[in-house]
Amino acid sequence: MSCHSFDVVIVGSGLAGLTAALQLAPTHRVAVLTKRRLNDGASAWAQGGIAAVMDASDTFDNHVQDTLVAGAGLCDMEATQMVVEHAPEAIRWLQSLGVPFSMEGDELHLTREGGHSHRRIVHATDATGAAVQDTLIERVRRTPGITLFEHHMLVDVITDRKLKQAGNQCHGVYALDETTGEVITFSAPHTILATGGAGKVYLYTTNPDTATGDGIAAAWRAGCRVANMEFIQFHPTCLYHPHAKSFLITEAVRGEGGHLLLPQSAGGGRFMPQHDPREELAPRDVVARAIDFEMKKHGAECVYLDISHKSPAFLEAHFPNIKARCLELGIDITTDPIPVVPAAHYTCGGVVTDLHGRTDLAGLYAVGETTCTGLHGANRLASNSLLECMVFASATVKAIAASPARERPTLPAWDDSRVTDPDEMVVITHNWHELRRFMWDYVGIVRTTKRLERAAHRITLLQREIHEFYAQFQVTRDLLELRNLVQVADLIVMSALMRRESRGLHYSRDFPQTDAVGKPTVLVPPPR
């Protein structure tokens with residue numbers, strides 16, 4: 001069995017993971033594991049941009065306040081201030097690497113998105129994530145000290161408990177090499193989970209297929225606390241078309257004056273003014289619930305986002321990728337409104353970390369969407385996510401650099417005595433579809449206790465079946481992803497049942513009120 005030894009193992013190749021890798025590389029031997037290719041994660045899909053105070057008319061206090069308002073009373077002030085105040089530095093770092101941000105003369109062009117009081121979104125037209133990822137990937141590939149392992153999926157974190165010894169430390173990970181089917185041992189005194197969110201637990205999502213909650217589930221199994229998993233952000237505007245899968249229509253379309261309209265069969269007019277005084281610029285949770293309400297009220301399959309009152313030249317300059325993709329599907333955004341529906345977009349909760357990315361397990365860190373840092377509270381403010389990735393990755397790098405040297409125990413190889421079952425794939429596929437469907441139906445934008453209890457019952461049955469498969473048969477990516485998704489679904493439902501109020505992204509018909517004081521939902525793994 002193969003075993004690799006590094007100073008730091010990073011699981012995930014999005015903005016958080018690659019930022020950490022590049023900043024660690026001068027002084028550490030770094031491995032970056034990614035379960036598909038380097039650019040197949042959610043970071044590359046981000047359209048809108050990165051929030052940062054870069055204009056003299058804006059202030060850190062404004063950005064902090066906008067974040068707190070969107071977070072509905074659950075943001076951690078220290079984490080919020082840290083991220084906001086380090087935002088300009090993060091943007092300058094990306095510029096130094098050559099990221100081609102949109103410019104206005106010699107200055108960065110700043111756009112505005114829902115929930116923001118000022119123009120502060122630094123962007124590369126409407127494909128910011130792709131521009132950032134392409135630049136970082138090119139740099140990572142030619143940086144000595146970084147070894148890349150594509151098509152390697154996290155199986156589990158290696159802990160003292162797994163080694164049957166006293167202590168509370170992480171010593172590396174087991175990862176499945178999909179090209180050979182072998183489970184490889186990666187030994188390291190420092191392990192960073194940067195595996196992204198869990199949008200694929202829902203039937204409709206803006207996330208790529210890689211978003212299966214791997215890091216959250218692995219950290220929970222390793223004994224780490226997880227918080228605020230009930231707060232799943234549903235992006236209000238995902239393109240609704242039978243031939244378009246998970247295509248997001250960026251927040252910036254509304255930020256630049258786009259209007260949400262009812263279908264013609266329901267009158268065709270605007271509806272956001274009746275739901276919130278901020279209209280289309282309200283935070284995502286408000287807009288998503290308004291769309292959900294109007295669709296159910298009118299029996300509509302979608303609503304429409306209209307930006308056709310802007311000139312074709314403006315639309316080509318600001319939204320070239322959206323314009324081109326819609327045109328491929330027969331929608332001309334210069335003349336036609338865009339059909340949109342809400343879809344699961346961002347996991348605001350996750351693994352509990354401190355301000356340096358440290359989890360409850362010594363030697364195990366987490367950054368990006370995998371985490372609950374306290375920044376997002378009950379609802380993430382648009383374009384704070386890529387920012388969080390960079391700021392917390394940098395803080396984690398500093399924590400690792402300041403850590404004392406640790407002994408490296410000899411790690412056992414993975415038990416490869418399991419058998420292959422030819423019927424396994426059929427069962428996994430069936431369970432995958434069942435999970436995503438009932439999570440959409442029972443644990444969506446609007447929830448009830450009865451629906452949550454139904455979901456909990458089905459999750460219990462699925463967990464038993466998956467545990468049996470995992471114990472007996474050789475691991476595959478599909479089995480590992482299903483195992484992680486069911487664990488994450490369980491955490492979401494547990495958290496939702498514990499919150500007996502409505503706040504931010506969690507809206508319950510049984511508890512529509514919002515408590516005077518908001519508290520995070522913190523789940524503690526049972527002793528094993």
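The values are calculated or read from the model by the stated rules, or taken from the named source; none is laboratory data. Please read these numbers as outputs of a predicted model, since none were measured by experiment. A quick note on method: Cβ atoms are made from the backbone with ideal geometry, for glycine too, and the neighbour counts reach across all protein chains shown. Just so you know, the surface numbers come from the protein's heavy atoms only, side chains and all, with ligands and any DNA or RNA stripped out. Shrake-Rupley method; radii C 1.70, N 1.55, O 1.52, S 1.80 Å.
Key figures for this structure:
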read-out: Unique residue being closer than 30 Å to A313 by Cα, open to solvent by less than 30 Å² (accessible area, probe 1.4 Å) and in contact with a strand residue (DSSP E or B) (Cβ under 6 Å, 6 or more places away or on another chain) when the list is T111, T128; value: T111
read-out: Residue that is nearest to the chain's Cα centre (by Cα), among those in the stretch 354-407 that are hydrophobic (A, V, I, L, M, F, W, C), over 24 Å from T212 (Cα atoms) and part of a loop (DSSP other than H, G, I, E, B); value: L355
read-out: Test: residue in the stretch 415-429 that is open to solvent by less than 40 Å² (accessible area, probe 1.4 Å), in a helix (DSSP H, G or I) and farther than 22 Å from H151 by Cα; value: no
read-out: Matching option when the condition is out of contact with any helix residue (DSSP H, G or I) (no Cβ under 6 Å at 6 or more places or on another chain), open to solvent by less than 30 Å² (accessible area, probe 1.4 Å) and more than 30 Å from A395 (Cα to Cα), among I322, I333; value: I322
read-out: Counted residues, the stretch 432-472 - those being of a type in the set (A, V, I, L, M), modelled with pLDDT of 95 or more and assigned to a loop (DSSP other than H, G, I, E, B); value: 1
read-out: Test: G257 is surrounded by fewer than 20 Cβ atoms within 10 Å (Cβ to Cβ) and in contact (Cβ under 8 Å) with a residue 12 or more places away in the chain; value: yes
read-out: Filter result for the condition that a residue is in contact with a helix residue (DSSP H, G or I) (Cβ under 7 Å, 6 or more places away or on another chain) and basic (K, R), over R500, R436; value: R436
read-out: Within the stretch 219-256, tally of residues that are in a loop (DSSP other than H, G, I, E, B), modelled with pLDDT of 95 or more and closer than 25 Å to S383 by Cβ; value: 4
read-out: Residue pairs meeting the criteria (Cβ under 8 Å; at least 6 apart or on separate chains; first open to solvent by 70 Å² or more (accessible area, probe 1.4 Å), in the stretch 457-486; second outside any helix (DSSP H, G or I) and modelled with pLDDT under 90); value: Q472/R418; Q472/V419; Q472/D421; Q474/D416; Q474/R418; Q474/V419; Q474/T420
read-out: Per-region count, the stretch 146-168, residues at pLDDT 95 or above and either out of contact with any helix residue (DSSP H, G or I) (no Cβ under 8 Å at 6 or more places or on another chain) or surrounded by fewer than 17 Cβ atoms within 10 Å (Cβ to Cβ) (or both); value: 7
read-out: Members of the stretch 211-253 that are of a type in the set (S, T, Y) and buried (at least 24 other Cβ atoms within 10 Å of the Cβ); value: T212, T237, T250
read-out: Evaluation of V83 against (1) within 30 Å of D515 (Cα to Cα); (2) surrounded by fewer than 19 Cβ atoms within 10 Å (Cβ to Cβ) (one fails), failing number; value: (2)
read-out: Some residue of the stretch 300-308 being at pLDDT 95 or above, out of contact with any Lys or Arg (no Cβ under 9 Å at 6 or more places or on another chain), within 29 Å of F392 (Cβ to Cβ) and not charged (D, E, K, R); value: no
read-out: Only one of L386, L381 that is more than 26 Å from M295 (Cα to Cα) and crowded, with 19+ Cβ neighbours inside 10 Å; value: L386
read-out: Considering residues of the stretch 93-102 that are within 27 Å of H235 (Cβ to Cβ) and not in a helix (DSSP H, G or I) only, the residue most open to solvent (accessible area, probe 1.4 Å); value: P100
read-out: Qualifying residue in the stretch 36-43 (condition: open to solvent by 10 Å² or more (accessible area, probe 1.4 Å), modelled with pLDDT of 95 or more and not basic (K, R)); value: no
read-out: Residues satisfying the stated conditions in the stretch 55-72, i.e. touching a residue at least 60 places away in the same chain (Cβ under 8 Å) and surrounded by fewer than 14 Cβ atoms within 10 Å (Cβ to Cβ); value: D55, S57
read-out: Whichever residue in the stretch 473-510 is under 18 Å from T347 (Cβ atoms) and among the hydroxyl-bearing types (S, T, Y) and, among such residues, is modelled with the highest pLDDT; value: S495
read-out: Among residues of the stretch 260-300, those that are in a loop (DSSP other than H, G, I, E, B) and either open to solvent by 10 Å² or more (accessible area, probe 1.4 Å) or in contact (Cβ under 8 Å) with a residue 60 or more places away in the chain (or both), counted; value: 13
